[in-house]
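Since the structure comes first, as structure tokens, the remarks are kept for the end.
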Amino acid sequence: MNIELRHLRYFVAVAEELHFGRAAARLRISQPPLSQQIQMLEQQTGARLLARTNRSVSLTAAGQQFLQDARQILNQVDAAAGRAARLHQGETGELRIGFTSSAPLIKTVSDSLSTFRHSYPDVHLQMREINTREQIAPLNDGELELGLMRNTRLPDTLAWRLVLREPLLAMVHRDHPLAAYAEISLQQLASEPFVFFDPHAGTGLYDDILGLLQRHGISPHITQEVGEAMTIIGLVSAGLGVSILPASFKRVRLSEVVWLPLTPADAQSEMWLVWSKHREQSAAAIRISALLTASATALKED
């Protein structure tokens, strides 16, 4: 049996029109080839589908059943094609994104995610909170399509694009003497008890902030080591020391904490969008990357 989709479409047109001439006009083919194709279809099915006279065309019982099935098959094919097209265009499917704990606090990132969610509600965003260093392996392995991470040393297998460059701010308790300053230098933090990341936590901010201090000749007096930035903020709010974090964390508002600008021009941190060079990006990944890039560009222009 060698029935093609065009045979089904031809038959449906004749069955609905019950007239070969009108069906041929609807299909934009001539009548003789249409009659031949219907005859071939009947030969393939081994059933008489149409009762023909010189004046009329009608469906046999087999033809009525075949019409129902043909319509269902054609509808399924059209639906399958539509689903494939939407997936190819990035309107459905799943998008797996890794992100550091600070990424959702960055307005550029949260606005882009919100816009994507409203524009493409049928794409399932699978967001996985994971530290910068720990994103590298799943990005290489294809477990993640995209990663939002702090600037760090990447293997040659990964590519990146700048999403945001933001200032690093000092963070002190409101009763600390430094809280009265409009801005401070790194040297003013040199002798203070410092709340910082555990070196094994895997966050890119560890190298970022420690590198800044070392470039300016400061070895911080670290008295508390923790795994998460939110814990750092909590300990500073309890008066257990001072710290440095990116400005995006100011969105976590605690009345006990005062954020202070730092004078060095290089007191900055970057958020990167990272992906594998050797894996084809889905349309959904390309769409959300474009949103993040557009938001970053608009931020620079403002």
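The values are calculated or read from the model by the stated rules, or taken from the named source; none is laboratory data. The model shown is predicted, which means the values in this text are computed figures rather than measured ones. Every residue, glycine as well, gets a Cβ built from its backbone with ideal geometry; the counts of neighbours run over all protein chains shown.
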(request) Can you confirm whether segment 62-77 contains a residue that is farther than 30 Å from Leu205 by Cβ and of a type in the set (Lys, Arg)? (result) yes
(message) Can you go through Leu125, Leu144, Leu139, Leu164 and tell me which one is in contact with a helix residue (DSSP H, G or I) (Cβ under 6 Å, 6 or more places away or on another chain) and either over 24 Å from Lys250 (Cβ atoms) or part of a helix (DSSP H, G or I) (or both)?
(response) Leu144
(message) Based on this model, can you work out whether Ser255 counts as in contact (Cβ under 8 Å) with a residue 60 or more places away in the chain and in a loop (DSSP other than H, G, I, E, B)?
(response) yes
(request) Given the conditions (1) charged (D, E, K, R); (2) part of a helix (DSSP H, G or I); (3) within 30 Å of Ala182 (Cα to Cα), report the number of the one that Arg287 does not fulfil. (result) (3)
(request) Run Phe20 past the list (1) among the hydrophobic types (A, V, I, L, M, F, W, C); (2) within 30 Å of Asp122 (Cβ to Cβ); (3) surrounded by 15 or more Cβ atoms within 10 Å (Cβ to Cβ) and report the number of the one that doesn't hold. (result) (2)
(message) Which pairs turn up if I take residues in segment 65-80 that are in contact (Cβ under 8 Å) with a residue 60 or more places away in the chain and look for partners that are not hydrophobic (A, V, I, L, M, F, W, C) with beta carbon separation below 9 Å, at least 6 apart in sequence or on another chain?
(response) Ala70/His7; Ala70/Arg9; Leu74/Arg9
(request) Write out, first by first residue and then by second, each pair whose Cβ atoms fall under 7 Å of each other, whose residues are 6+ apart or on separate chains, and whose first residue, in segment 33-45, is within 11 Å of Leu8 (Cα to Cα) while the second is aromatic (Phe, Trp, Tyr). (result) Gln37/Tyr10; Ile38/Tyr10; Ile38/Phe11; Leu41/Phe11
(message) Just to check your reading of the model, which residue among Gly217, Gly234 is free of Cβ contacts under 8 Å to residues at least 40 places away in the same chain and outside any loop (DSSP other than H, G, I, E, B)?
(response) Gly234
(message) Quick check on this structure: which one of Glu145, Glu166, Glu129 is buried (at least 16 other Cβ atoms within 10 Å of the Cβ), modelled with pLDDT under 95 and among the acidic types (Asp, Glu)?
(response) Glu166
(message) Pairs needed: first member in segment 156-184, closer than 23 Å to Glu280 by Cβ; second member anywhere, in a loop (DSSP other than H, G, I, E, B); C-beta distance under 7 Å; at least 6 residues apart or different chains.
(response) Thr157/Lys277; Thr157/His278; Leu158/Lys277; Ala159/Lys277; Trp160/Leu154
(request) Select from segment 239-252 the residues that are touching a residue at least 60 places away in the same chain (Cβ under 8 Å) and in a loop (DSSP other than H, G, I, E, B) and write down the one among them that is farthest from the chain's Cα centre (by Cα). (result) Gly239
(request) Looking only at segment 207-217, count how many residues are surrounded by fewer than 18 Cβ atoms within 10 Å (Cβ to Cβ) and not charged (D, E, K, R). (result) 4
(message) Among the residues that make up segment 89-99, is at least one of them modelled with pLDDT under 90, over 20 Å from Phe11 (Cβ atoms) and either assigned to a helix (DSSP H, G or I) or touching a Ser or Thr at 6+ places or on another chain (Cβ under 7 Å) (or both)?
(response) yes
